[in-house]
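The values are calculated or read from the model by the stated rules, or taken from the named source; none is laboratory data. Please read all numbers here as calculations on a predicted model, not as lab measurements. A quick note on method: Cβ atoms are made from the backbone with ideal geometry, for glycine too, and the neighbour counts reach across all protein chains shown. Please note that ligands, DNA and RNA were not included when accessible areas were found on the heavy atoms of the full protein model with its side chains. Shrake-Rupley method; radii C 1.70, N 1.55, O 1.52, S 1.80 Å.
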Amino acid sequence: MSDLVVRVLDVDAAYARPTVLSAVDVDVARGEFVGLVGPSGAGKTTLLRLLTGGVEVRSGSVEVLGQRVVRGRPPRGVGYVPQLGSVDADFPLTVREVVLLGDAASSRPVPWFTRDERRRADALLERLGIGELAGRPIAELSGGQRQRMFLARALARRSELLLLDEPTSGVDLATRAEVLRLLGELHHDGLTVVLTTHDLNFVASHLPRMVCVNGTVIADGRPREVMTADVLTRTYGPGLRVVHDEDGHPVVTDAAPIPLHSGTDHASGGMPVAAAVVTPAEVDA
Amino acid sequence: MSLLLEPFAYAFFGRAMLAGVLVGALCGALSVPVVLKRMSYVGHGLAHSVLGGVAVGVALGADLYVGAAVATVLSAILIDRVAARRGLHHDAAIGIVTTAAFALGIAVLAVVPTRLNLEAVLFGNILGVDARDLTVTTVVAVAATATLFVAYKRLVFTVFDPEVAAVHGVPVRHIELGLNLVTAAVVVASVRVLGALLIAAAVVLPAAGARLVTRSFAALVGLAIALGTTASVLGLYASFHLDVPSGPAIVLVGTLGFLIAYVASGTAARRARRAGAREREVGRLSERGIVDATRTQVRA
Ligand SMILES: Nc1ncnc2c1ncn2[C@@H]1O[C@H](COP(=O)(O)OP(=O)(O)OP(=O)(O)O)[C@@H](O)[C@H]1O
Ligand SMILES: [Mg+2]
């Protein structure tokens, strides 16, 4: 097997009639840590599904861990962490049971799990810092705890490639840092990681490689090189500005304050006179 | 006591009870994926196609079970195929496929004269349970139990999170098709006791009730089977003593069980909400290292 874990070659992908991704070329080498970014509806989730046999490959080819992937034929050796909110949060399972399911496909065909399997699930939960939640119904978890549970489920399957769909959305900054620290550890242990995120600044300051997606791959490379006003405009449209922090990392901000109309006269052209400018402090309040 | 034993003086009641217990347990087990997957329409739809199949089968001079089995299995496969099309969900697929079968059945009955006891097919009739019905029910029970036993983990994963289940190597399409076929088989086996129109309720009520009072999957399965079986047993007694068709009797007892669970869970939930809110708060604080959860007692 080559050292390419993911090899997407000139692929058009679709769910139904319209093509969602076209002419996509992405290679990921073993041991890489890649962030996929792009606006909502850009096709980030679809790109992950391309690697797991979840969408139709109209043309081109997809190879993951040396296996040819087409719709309905997921490759072996991939762990998947879905976007939060993709399952029934009130489903009657405990945290441990969810983790055990991660490896159900290679478990014996009986309704129970062996003591070894349960011990392994508990060890994973322990490692992710939620060992004490093993017996809890999943309905009682916070967003961050749920995210870690799904990470444990993905790891329950012995995987070489970990795919995560927005693992840092909807959790607070401390939890985000914790999830990323865990991913860093796993990556350090040799796992190849591909995640999607809306958090450009996190990608810029922590990840070695970013791929900008919007219907196709717009740019791909080291954030310092990729994250330019031009690329961001082509990915997200106008309205974003790139500055650099003291370490030289690019940082994305809004090009201009976003005016919120107060409901009075705003027909005066240009920036409305009666506009409220939202500052972070006000948003928090 | 005689109320419980007297009916067994009649041979048919013993057979009906045996069939009822099997059917009740099966429907109870099946109600778990049906409720969790929100596919109560499947039971509803398959039950409708049973009538179509029975009518056509009997009109053609075939056996009741042959017609019912062909119709439900065909419907299950068709539903699966139609729903696999983009843009059509299960409910639409079922609405199309099974209503067509139902309509066909009614049309055939109107044109071809048969000796079919329509009321018995629709509402169930314990007088009609013969040795062969018992055989069919037993065979279905064994096959369905074996299938659910073997597929259990993969089925739970599929019901919970089909997308990730597929990525993690579970043959989701086969599991779903298998579940539909098991449902079809159980529907066929239940026609005598429950009647075509009341099967739909029997594959929903047990898990719906059980779900209100437990959050553990294993307990949910156990409780649903227990509820389904109990409803069958009590319903058959009611059917015998009160001279109502067995299907409605069983469904009414099941509904009563659901209501009891509903009221019980309401009371329990009020109490748990207060305790749970406190516990979650402690959990949040302990995550941030503000409170040591292991030392904090939370009293219900
Ligand atoms: N299951 C589906 N069936 C049909 N079309 C879909 C499906 N899922 C997504 N799409 C379409 O594919 C396009 C890309 O969607 P995708 O979910 O990949 O975007 P995304 O970049 O992940 O967005 P977000 O940031 O909001 O999660 C969208 O136009 C969406 O409407
Ligand atoms: Mg997405």
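So which residues in segment A:153-170 are within 16 Å of ligand 2 (Cβ to nearest atom) and either surrounded by 20 or more Cβ atoms within 10 Å (Cβ to Cβ) or β-branched (V, I, T) (or both), if there are any at all?
A:L163, A:L164, A:D165, A:E166, A:P167, A:T168
Among the residues of segment B:141-151, those that are at the interface with another protein chain (Cβ under 9 Å from one of its Cβ atoms) and touching a helix residue (DSSP H, G or I) at 6+ places or on another chain (Cβ under 9 Å) comprise B:L148, B:A151.
Rundown of residues vs (1) modelled with pLDDT of 70 or more; (2) open to solvent by less than 40 Å² (accessible area, probe 1.4 Å); (3) under 30 Å from B:I199 (Cβ atoms); (4) touching a Lys or Arg at 6+ places or on another chain (Cβ under 9 Å), yes/no style:
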site: B:A224; (1), (2), (3), (4): yes, yes, yes, yes
site: B:S239; (1), (2), (3), (4): yes, yes, yes, no
site: B:R278; (1), (2), (3), (4): no, no, no, yes
site: B:V298; (1), (2), (3), (4): no, no, no, yes
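Scanning segment A:234-263 for residues that are in contact (Cβ under 8 Å) with a residue 40 or more places away in the chain and within 17 Å of A:S40 (Cβ to Cβ) yields a count of 4.
Restricted to segment B:104-169, the set of helices (runs of 4 or more DSSP H) holding at least 2 residues that are of a type in the set (A, V, I, L, M, F, W, C) and over 28 Å from A:A156 (Cβ atoms) comprises B:118-123, B:131-160. Among the residues that make up segment A:160-182, is at least one of them more than 19 Å from A:L36 (Cα to Cα) and over 19 Å from the mean Cα position of the chain (by Cα)? No, because not a single residue in segment A:160-182 is more than 19 Å from A:L36 (Cα to Cα) and over 19 Å from the mean Cα position of the chain (by Cα). Scanning segment A:84-106 for residues that are closer than 27 Å to B:R211 by Cβ, open to solvent by 10 Å² or more (accessible area, probe 1.4 Å) and at the interface with another protein chain (Cβ under 10 Å from one of its Cβ atoms) gives A:S86, A:V87, A:D88, A:D90, A:T94, A:E97, A:L100, A:D103, A:A105.
Only residues that are open to solvent by 90 Å² or more (accessible area, probe 1.4 Å) and either under 26 Å from the mean Cα position of the chain (by Cα) or within 22 Å of A:L182 (Cα to Cα) (or both) were counted in segment A:107-139, giving 5. Scanning segment A:154-183 for residues that are of a type in the set (S, T, Y) and away from ligand 1 (no atom under 16 Å from the Cβ) yields A:S159, A:T175. Residues that are over 30 Å from B:L127 (Cα atoms) and surrounded by fewer than 23 Cβ atoms within 10 Å (Cβ to Cβ) within segment B:173-194 comprise B:R173, B:H174, B:I175, B:E176, B:L177, B:G178, listed in sequence order.
Scanning segment A:50-68 turns up one or more residues that are touching a residue at least 60 places away in the same chain (Cβ under 8 Å), touching a strand residue (DSSP E or B) at 6+ places or on another chain (Cβ under 8 Å), within 16 Å of ligand 1 (Cβ to nearest atom) and more than 8 Å from every other protein chain (Cβ to nearest Cβ). Figure legend. Inter-residue proximity from segment A:159-177: first residues within 19 Å of A:L48 (Cβ to Cβ), second residues part of a strand (DSSP E or B) and within 16 Å of ligand 1 (Cβ to nearest atom), beta-carbon distance below 6 Å, spacing 6+ or different chains. Indicated pairs: A:L163/A:Y80; A:L163/A:V194; A:L164/A:V81; A:L164/A:L195; A:D165/A:T196; A:E166/A:T196; A:P167/A:V81; A:P167/A:L195.
Here B:L220 fulfils each of the conditions (1) of a type in the set (A, V, I, L, M); (2) over 27 Å from B:L74 (Cβ atoms); (3) open to solvent by 40 Å² or more (accessible area, probe 1.4 Å) apart from (3).
When segment A:184-215 is examined, which residues are found to be within 16 Å of ligand 2 (Cβ to nearest atom) and either over 14 Å from the mean Cα position of the chain (by Cα) or of a type in the set (S, T, Y) (or both)? Within segment A:184-215, A:T196, A:T197, A:N214, A:G215 meet the criteria. Answer yes or no as to whether A:V55 is within 16 Å of ligand 2 (Cβ to nearest atom) and open to solvent by less than 30 Å² (accessible area, probe 1.4 Å). Yes: the conditions hold for A:V55. If you filter segment A:1-46 down to residues that are within 14 Å of chain B (Cβ to nearest Cβ) and not in a strand (DSSP E or B), you find that the one that is farthest from ligand 1 (Cβ to nearest atom) is A:R17.
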